[in-house]
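J.: Below are the structure tokens for one structure; questions will follow.
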Amino acid sequence: MFFTVAPRINAVGRLGDAERAVNLLIATDKKEAVKLAEVLETENYERRKIDVDTFESAKEIVDTEIDLDEDLAIVLHNGDWHPGVIGIVASRLVEKYYRPSVLLTTIDGIAKGSARSINGFNIYEALEKCNDLLLHFGGHRAAAGLALEVDKVEEFRERFNEILKSSLSSEDLSEEISIDSKIRFSEITPKFLRILDQFAPFGPRNLRPVFLSENVRIANVPRIVGKNHLVASFKQSGTDKVFDSIGFNLGDHYDLIKENNSEFDIVFSLDKIVRDSRIFPQLKIFILSAHIFGTRIQCNF
């Protein structure tokens, strides 16, 4: 239930008045509750569409206008972007390009937005060094919000990039995956998942555990969803368990996986999905054994 309702409550707050979600939760009249639930469903659909459109718009700018060999940070401003999704999109840019990312829109004539960082780079301290250019900012080492005059966005972009050049090396811009433990599919049980939940909430100082499973095979024909996300099911010898998975931005590996029936090693975290009102584990794939180039791996076992 949580994984069904929570995104819709989140969406209605991002796109409009969060009071509608509160009214749904306290509603005593069934007709009123159904009407409010339909509003939340519509808002959630619209939020997803705006999210995708904004990400594609930002990605096009990065791919066509930014030289990532020269600029270590991604700083983008578009006055038409919806303020409710730019934090999410900034996080997705970090996932795709592994660069500190700042997305700004225009609200009441002021450039306002969100910043997201990579491991090992304190984005709050970087913003402190730009304090004279900012109207205000706040956050922590991994994420922050900020506001500045629109005519200072370009100067901020240049200053921010200079700060990164003085504090980051090329190795820092190569994503590091820290693996906490090897695990066999047979060990991923309801009890194990309940124990894992006890470590929540997960965040910058309490990262979601990352696992390595060896010698797995594709259990069905993989497919691409969204723009470039790989969806597949994996099985492992010695057990009849099959787990669904998603690899964000791993769609480029589709042809190789589809045609290759050999065994892979996979690195993943465990998420949950809701299907037919039931909760199932889902593997969030970070690495397939044939595709670790450009990623640093640290094993903690």
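J.: Are any of the residues in segment 160-168 at pLDDT below 95, of a type in the set (Ser, Thr, Tyr) and in a loop (DSSP other than H, G, I, E, B)?
T.: Within segment 160-168 (the criterion being at pLDDT below 95, of a type in the set (Ser, Thr, Tyr) and in a loop (DSSP other than H, G, I, E, B)), the answer is no, since none of the residues qualifies.
J.: Filtering segment 38-53 down to residues that are crowded, with 16+ Cβ neighbours inside 10 Å and not acidic (Asp, Glu), which residue is modelled with the highest pLDDT?
T.: Restricting to residues being crowded, with 16+ Cβ neighbours inside 10 Å and not acidic (Asp, Glu), the top hit is Ile50.
J.: Still on this structure: Go through segment 56-77 and give me each residue that's of a type outside the set (Ser, Thr, Tyr), surrounded by fewer than 21 Cβ atoms within 10 Å (Cβ to Cβ) and in a helix (DSSP H, G or I).
T.: Glu56, Lys59, Glu60, Ile61, Val62, Asp63, Glu65
J.: From the list Asp80, Asp69, Asp108, exactly one residue is of a type in the set (Asp, Glu) and in contact with a strand residue (DSSP E or B) (Cβ under 8 Å, 6 or more places away or on another chain). Which is it?
T.: When all the criteria are applied, what remains is Asp80.
J.: So which of Glu171, Glu175 ends up being modelled with pLDDT under 85, under 22 Å from the mean Cα position of the chain (by Cα), farther than 25 Å from Leu103 by Cβ and among the acidic types (Asp, Glu)?
T.: Glu171
J.: Is there any pair linking a residue in segment 78-92 that is of a type in the set (S, T, N, Q) to one that is surrounded by fewer than 18 Cβ atoms within 10 Å (Cβ to Cβ), with Cβ under 9 Å and at least six apart or on different chains, and which?
T.: Matching pairs, first to second residue: Asn78/Ser57; Asn78/Ile61; Asn78/Thr106.
J.: Starting from residues that are aromatic (Phe, Trp, Tyr) and closer than 30 Å to Val89 by Cβ, keep the ones in segment 245-273 and report whichever is nearest to the chain's Cα centre (by Cα).
T.: Phe248
J.: Go through segment 32-62 and give me each residue that's under 19 Å from the mean Cα position of the chain (by Cα) and of a type in the set (D, E, K, R).
T.: Glu46, Arg47, Arg48, Lys49, Asp51, Asp53, Glu56, Lys59, Glu60
J.: Can I ask one more? In segment 263-282, what residues are aliphatic (A, V, I, L, M) and touching a Ser or Thr at 6+ places or on another chain (Cβ under 6 Å)?
T.: Ile266, Val274
J.: Let me ask another. Would segment 166-178 turn up any residue that is over 30 Å from Lys112 (Cα atoms) and buried (at least 16 other Cβ atoms within 10 Å of the Cβ)?
T.: Yes, the conditions are met somewhere in segment 166-178.
J.: Here's a check for you: in segment 210-225, which residue that is touching a helix residue (DSSP H, G or I) at 6+ places or on another chain (Cβ under 7 Å) and part of a loop (DSSP other than H, G, I, E, B) is nearest to Val274 (Cα to Cα)?
T.: Pro222
J.: Tell me, which residue of segment 175-209 that is hydroxyl-bearing (Ser, Thr, Tyr) and either without any contact (Cβ under 8 Å) to a residue 24 or more places away in the chain or assigned to a strand (DSSP E or B) (or both) is nearest to Glu95 (Cα to Cα)?
T.: Within segment 175-209, the match that is nearest to Glu95 (Cα to Cα) is Ser178.
J.: Among the residues of segment 233-259, which ones are touching a helix residue (DSSP H, G or I) at 6+ places or on another chain (Cβ under 8 Å) and not in a strand (DSSP E or B)?
T.: The answer is Gly238, Thr239, Lys241, Phe248, Asn249.
J.: Sticking with this one: From the list Leu196, Leu230, pick out the single residue that is in contact with a Gly (Cβ under 6 Å, 6 or more places away or on another chain) and either closer than 30 Å to Gly120 by Cα or not assigned by TED's automatic domain parsing to the domain that holds Glu95 (or both).
T.: Leu230
J.: Have a look at Val242, Val231, Val216 and point out the one that is surrounded by 11 or more Cβ atoms within 10 Å (Cβ to Cβ) and under 23 Å from the mean Cα position of the chain (by Cα).
T.: Exactly one of Val242, Val231, Val216 is surrounded by 11 or more Cβ atoms within 10 Å (Cβ to Cβ) and under 23 Å from the mean Cα position of the chain (by Cα), namely Val231.
J.: Could you say which residue among Ala126, Ala90 is touching a Ser or Thr at 6+ places or on another chain (Cβ under 7 Å), assigned to a helix (DSSP H, G or I) and not hydroxyl-bearing (Ser, Thr, Tyr)?
T.: Ala90 is the lone residue from the list that is touching a Ser or Thr at 6+ places or on another chain (Cβ under 7 Å), assigned to a helix (DSSP H, G or I) and not hydroxyl-bearing (Ser, Thr, Tyr).
The values are calculated or read from the model by the stated rules, or taken from the named source; none is laboratory data. The structure displayed is predicted, hence computed values, not measured ones. Reconstructed Cβ throughout: ideal geometry from the backbone, glycine too, with neighbour counts over all protein chains shown.
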